[in-house]
């Protein structure tokens, strides 16, 4: 990075006088090859989502979230109703195109349009979505929307520092680890140290091709298994 200096010979940041602020998310549907994202609609999605989460043999996928598990569909419905109409976080339901059924939820949140910063969060993936191409496609879809359509400069990923699967996922997608914010929250009656990751617009422009190459039909064999790992494709950039 080229260092600039002001008239006092002090180092200063990159010139952004031509940059204009980002936009708030408004798009309510996206179509990919493996999945479709729809704006969360409790009436339409709640029962199928609850059934998808019941596929898990236990409640471990709720451990690091500030809500759940839910003992009944009605309890889950009441929770989703508090989220449905919010503009921040802006919640989506993930639809598996092979079954046309909801399999998880995700949100864009903490939107700072003046500085071009946004976070991806509330990742609640059922077993029907975990370890499938859908999770990668969701990230490819939303990161393209954030950077190319809405004009953000920085996409954040934050999780409980003890949540190793989430931290591994952030690294798999090419996010940069920035550190641990200690004792940041109280979640489910426990202390939470939060791990921070980020992806910048200049980094996304390179990672986009890796996402596309991993999701391409030729990267999967006849049984649907990947031929090249995403990390390997990113390392070739």
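Since every read-out is calculated from the coordinates, none of them should be taken as a lab result. Note that this is a predicted model, so its numbers are computed, not measured. In this analysis, Cβ positions are derived from the backbone assuming ideal geometry, glycine residues included, and neighbour counts consider all displayed protein chains.
Against the chain, whose longest principal axis is taken from its Cα atoms, helix 201-215 shows a tilt of about 40°. If you fit an axis through the alpha-carbon atoms of helix 42-53 and take the longest principal axis of the Cα set of the chain, what angle between them do you get, 0 to 90°, nearest 10? Helix 42-53 sits roughly 80 degrees off the main axis of the chain. Taking the empirical scaling 2.2 N^0.38 Å for compact globular proteins as reference, segment 1-133 has a Cα radius of gyration ratio of 1.39. Across all C-alpha atoms in segment 93-165, the radius of gyration and Dmax reach 13.3, 40 Å. Evaluated at q = 0.18 Å⁻¹, a Debye calculation over the C-alpha positions of the chain (equal weights, vacuum) places log10 I(q)/I(0) at -1.59. If the chain between residue 84 and residue 115 were fully stretched, how many nm would it gain, using 0.36 nm times the residue separation less the Cα-Cα distance? Here the segment from residue 84 to residue 115 would lengthen by 8.6 nm. Note on the chain: with a GNM built from Cα contacts shorter than 10 Å, the maximum mean-square fluctuation among 214, 157, 19 falls on 19.
For Cα pairs less than 8 Å apart in space and 6+ apart in sequence, what is the mean separation divided by the residue count of the chain, i.e. the relative contact order in percent?
Details: 372 pairs, mean separation 38.6, N = 237.
Over the chain, the number comes to 16 percent.
In a fully extended conformation the segment linking residue 228 and residue 178 would gain 15.3 nm over its present Cα-Cα distance, using 0.36 nm per residue.
Using a Förster distance of 25 Å, how high is the FRET efficiency between residue 235 and residue 201, based on the Cβ-Cβ distance and rounded to 0.05?
Between residue 235 and residue 201 the formula returns 0.75.
Could you work out the percent of alpha carbon pairs in segment 82-210 separated by over 27 Å, rounded to a whole number?
Tail of P(r) above 27 Å: 18 percent of Cα pairs.
Taking 0.36 nm per residue of separation and subtracting the current Cα-Cα distance, fully stretching the chain between residue 130 and residue 26 would add 34.8 nm. Mean residue ellipticity at 222 nm, helices only, the chain: -8500 deg cm²/dmol; runs of at least 4 DSSP H residues each add -39,500 (n - 2.57), and the sum is divided by the number of residues. With respect to the chain, whose longest principal axis is taken over its alpha-carbon atoms, helix 133-144 is tilted by about 40°.
Springs between alpha-carbon pairs under 10 angstrom, Gaussian network model over the chain: which of 223, 143, 198 fluctuates most? With Cα springs under 10 Å in the chain, the top fluctuation among 223, 143, 198 is at 223. Of interest is the spacing of the C-alpha centroids, which for segment 177-217 and segment 218-237 amounts to 21 Å.
Short-range pairs are left out: with C-alpha atoms under 8 Å and at least six residues apart, the relative contact order of segment 79-151 is 21 percent. GNM remark for the chain: springs join alpha carbons under 10 Å apart, and the peak mean-square fluctuation among 128, 190, 154 falls on 190. Considering all alpha-carbon pairs of segment 138-210, what whole percent are spaced by more than 16 angstrom? Cα-Cα pairs of segment 138-210 separated by over 16 Å account for 51 percent.
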